[in-house]
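S.K.: This structure is in structure tokens; I'll ask about it shortly.
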Amino acid sequence: MTWSFGDLLDGIDRGYPADAPALIHGETTVGWGDFSRRSNNLAKALASRGLAPDDKVAFYMRNGPAYLETLAACFKGRYVHVNVNYRYLDDELWYILDNSDAAAVVFSEEFAERVEHLRERLPGVRAWVQIGGTPAPWAESYRDLADSGDGTPLEITRSADDLLFIYTGGTTGMPKGVMWRAGDLWGALGNGANAPANAGVAPASAAEHIQNVVRTGPSARQITACPLMHGTGLLTAIGTLSAGGCIIMLESFGFDSEEFWDTVERAGANSAVIVGDAFAKPMLNSLEANPGRWDLSSLKVLVSSGVMWSGDVKQGLLKHHPGMLLADMFGSSEAVGFGSSVTSAEGGSKTAKFTIGDSCKVFSEDHREIAPGSGERGFIARTGPIPLGYYKDPEKTAATFPTIDGVRYSIPGDWCTVEADGTLTLLGRGSVCINTAGEKVYPEEVEEALKTHGEVEDALVVGVPDERFGTAVTGVVQLSAGGSAGEDALRAHVKERLAGYKVPKRVVVVEKMFRAPNGKADYKSARNHALQELGLPID
């Protein structure tokens, strides 16, 4: 038995009660017995359609039981998960499926028409599997494949070298496929030490981990509020399932904060995963509007990763539920565990300030290590269990995963400073850093200042061409319901908090902020909108 997620899931299932919940989606509960049976059947069905180990399976769907059943089938059949952003249009969708060499595509009924437009351009796809509805003549029914068969384990030898892909769009260029080995991903997720059954101690073997999980029994119930198609939702779900826990998913297509709190209470969730203020602020607004409506006592930990999580919002949540911990995790698709920040009712770190991981350093652009306390800006880097690189892109792999002084690192491009005590202050992603009159401005810092205004619901900051400054800092703001703050008032608010060169030269108000379903900023769309509103050419 190896550190492969297929072996871990098989081993847990053998010792678990069949009716112990593995997946909850609205009123639907899938027990571990059915989860195992359906994923085994699906893995065998794909094999019978010509898929072999290392073949790629594209996931074109929203959150739901089918996503995690198909993921388990990939782990068990040694196929490679490929996430697909369900917001992509034809050319973007074709790029992912073609670039990943997808051999099978599992897609939801709602996307069938878009898939039909593309399938003739994808001759390498050997299986088209439709979730829901009546499949087209060229596709097969997901339900039929998952429910047909004896549901027994595959009885194949797996490896810690089995792969999982996470395609990450980043902020520039086409999406890149991050290649994770199972053994490295297990290490990045804590080597099992984070599993409740292991009580903070990494097990010595997969067999020991399974034994501990089975002996302890079902415990963790995690709401994955963000999309599974992105790294934050996917990796935390893998960690919870491989620890014998239960993943709870919301039914609404867009995030519904009242549904979230209803689900916490109904399902007895003890942890939840969100992505910063895009989720946390609506959650807080619902609590403020409905004091005492929900029993939140089961919720012990609220985890966020990927974007800034404002201190004021954290304190507001803790006012309603002082018994939980708020964990702000600093990571990316290219590396997990750069740093963490934990806030409780007793206190916590400032926004964007993290305790650095043991395997992390900060390097300059020329790969010189930054001295703690120097005030010099640099890029956060992590060694240890990191991805192999980007699929079919050796040039970008060499840039993001360099070897420095004989040690291989992952450097996704996040600027930060490292304090004398070793803590990190995150500045922002280098690819969206704004150079205005020779000064570097990190959008996240200005966004946080804008969001402290009482009438601002959300904010992004972009750079637009300017004759005087080269690039002008520009705010794109969504006001709260009933808000009427004007450009001058918003600029004055930021000026009270940040240096003058960081204050937006212009502020554009929008009805709805430009964000992906996982809450991450869509800077390209925000910038294009700002250019249009300011009468500037879109480049």
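S.K.: For the structure I just gave you, tell me whether residue 58 is part of a helix (DSSP H, G or I) and either out of contact with any Cys (no Cβ under 9 Å at 6 or more places or on another chain) or in contact (Cβ under 8 Å) with a residue 40 or more places away in the chain (or both). Step through it out loud before you land on a result.
M.R.: Numbers: part of a helix (DSSP H, G or I): no; either out of contact with any Cys (no Cβ under 9 Å at 6 or more places or on another chain) or in contact (Cβ under 8 Å) with a residue 40 or more places away in the chain (or both): yes.
Spelling it out, it is not the case that residue 58 is part of a helix (DSSP H, G or I) and either out of contact with any Cys (no Cβ under 9 Å at 6 or more places or on another chain) or in contact (Cβ under 8 Å) with a residue 40 or more places away in the chain (or both).
S.K.: Scan (1) surrounded by 16 or more Cβ atoms within 10 Å (Cβ to Cβ); (2) among the charged types (D, E, K, R); (3) in contact with a helix residue (DSSP H, G or I) (Cβ under 6 Å, 6 or more places away or on another chain) for the single condition residue 295 breaks and write down its number.
M.R.: Every listed condition holds for residue 295 apart from (1).
S.K.: Spot the failing condition for residue 453; the list is (1) crowded, with 22+ Cβ neighbours inside 10 Å; (2) touching a residue at least 40 places away in the same chain (Cβ under 8 Å); (3) not small (Gly, Ala, Ser), and only one is missed.
M.R.: With respect to (1) crowded, with 22+ Cβ neighbours inside 10 Å; (2) touching a residue at least 40 places away in the same chain (Cβ under 8 Å); (3) not small (Gly, Ala, Ser), residue 453 is out only on (1).
So that you can scan it fast, the table gives a plain yes or no per residue for (1) of a type in the set (Lys, Arg); (2) in a helix (DSSP H, G or I); (3) in contact with a Cys (Cβ under 6 Å, 6 or more places away or on another chain); (4) more than 18 Å from residue 224 (Cβ to Cβ):
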| position | (1), (2), (3), (4) |
| --- | --- |
| 66 | no, yes, no, no |
| 70 | no, yes, no, no |
| 74 | no, yes, no, no |
| 88 | no, no, no, yes |
| 91 | no, yes, no, yes |
| 96 | no, yes, no, yes |
| 113 | no, yes, no, yes |
| 116 | no, yes, no, yes |
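S.K.: Out of all the residues in the stretch 431-448, is one or more within 23 Å of residue 309 (Cβ to Cβ), in contact (Cβ under 8 Å) with a residue 40 or more places away in the chain, crowded, with 18+ Cβ neighbours inside 10 Å and among the small types (Gly, Ala, Ser)?
M.R.: Looking for residues that are within 23 Å of residue 309 (Cβ to Cβ), in contact (Cβ under 8 Å) with a residue 40 or more places away in the chain, crowded, with 18+ Cβ neighbours inside 10 Å and among the small types (Gly, Ala, Ser), one finds none in the stretch 431-448, hence no.
S.K.: Which members of the stretch 271-292 meet the condition of being over 27 Å from residue 442 (Cα atoms) and surrounded by fewer than 22 Cβ atoms within 10 Å (Cβ to Cβ)? Don't jump to the end; show me each part of the working.
M.R.: Quick first cut of the stretch 271-292, residues over 27 Å from residue 442 (Cα atoms) only: 271-272, 285-292.
Listed by number, the residues that qualify are 285, 286, 287, 288, 289, 290, 291, 292.
S.K.: What residue, among those in the stretch 232-254 that are aliphatic (A, V, I, L, M) and outside any loop (DSSP other than H, G, I, E, B), is surrounded by the most Cβ atoms within 10 Å (Cβ to Cβ)?
M.R.: In the first step, residues of the stretch 232-254 are kept if they are aliphatic (A, V, I, L, M); the result is 234-235, 237-238, 241, 243, 247-250.
Checking the rest, the ones that are also outside any loop (DSSP other than H, G, I, E, B) come to 234-235, 237-238, 241, 247-249.
On the way: 234: 23, 235: 23, 237: 23, 238: 25, 241: 25, 247: 28, 248: 26, 249: 24.
Out of the qualifying residues, it is 247.
S.K.: Now for a separate question. So which of 520, 512 ends up being touching a residue at least 24 places away in the same chain (Cβ under 8 Å) and out of contact with any strand residue (DSSP E or B) (no Cβ under 8 Å at 6 or more places or on another chain)? Write out each step before concluding.
M.R.: Values: 512 fails: out of contact with any strand residue (DSSP E or B) (no Cβ under 8 Å at 6 or more places or on another chain).
Among 520, 512, only 520 is touching a residue at least 24 places away in the same chain (Cβ under 8 Å) and out of contact with any strand residue (DSSP E or B) (no Cβ under 8 Å at 6 or more places or on another chain).
Let's see how each residue does on (1) in a strand (DSSP E or B); (2) in the same structural domain as residue 79 (by TED's automatic domain parsing); (3) in contact with a strand residue (DSSP E or B) (Cβ under 9 Å, 6 or more places away or on another chain):
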site	(1), (2), (3)
149	no, yes, no
154	no, yes, no
161	no, yes, yes
165	yes, yes, yes
178	yes, yes, yes
184	no, yes, no
190	no, yes, yes
210	no, yes, no
213	no, yes, no
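S.K.: Follow-up. Being among the hydrophobic types (A, V, I, L, M, F, W, C) and surrounded by fewer than 21 Cβ atoms within 10 Å (Cβ to Cβ) is the filter here, so list the residues in the stretch 166-188 that pass it.
M.R.: As a first pass, look at the stretch 166-188 and keep what is among the hydrophobic types (A, V, I, L, M, F, W, C): 166, 174, 178-180, 182, 185-186, 188.
The answer is 174, 179.
S.K.: Additional query: Being touching a residue at least 24 places away in the same chain (Cβ under 8 Å) and either in contact with a helix residue (DSSP H, G or I) (Cβ under 7 Å, 6 or more places away or on another chain) or surrounded by 13 or more Cβ atoms within 10 Å (Cβ to Cβ) (or both) is the filter here; which residues of the stretch 474-488 pass it?
M.R.: Answer for the stretch 474-488, where residues must be touching a residue at least 24 places away in the same chain (Cβ under 8 Å) and either in contact with a helix residue (DSSP H, G or I) (Cβ under 7 Å, 6 or more places away or on another chain) or surrounded by 13 or more Cβ atoms within 10 Å (Cβ to Cβ) (or both): 474, 475, 476, 477, 478, 479, 480, 483, 485.
S.K.: Name every residue in the stretch 1-39 that is in a loop (DSSP other than H, G, I, E, B), modelled with pLDDT of 95 or more and of a type in the set (Asp, Glu), in order of residue number.
M.R.: Hit for the stretch 1-39 is 19, nothing else.
The values are calculated or read from the model by the stated rules, or taken from the named source; none is laboratory data. Just so you know, these numbers come straight off a predicted model, no measurement behind them. Neighbour counts run over all protein chains shown; Cβ positions are idealised from the backbone, glycine included.
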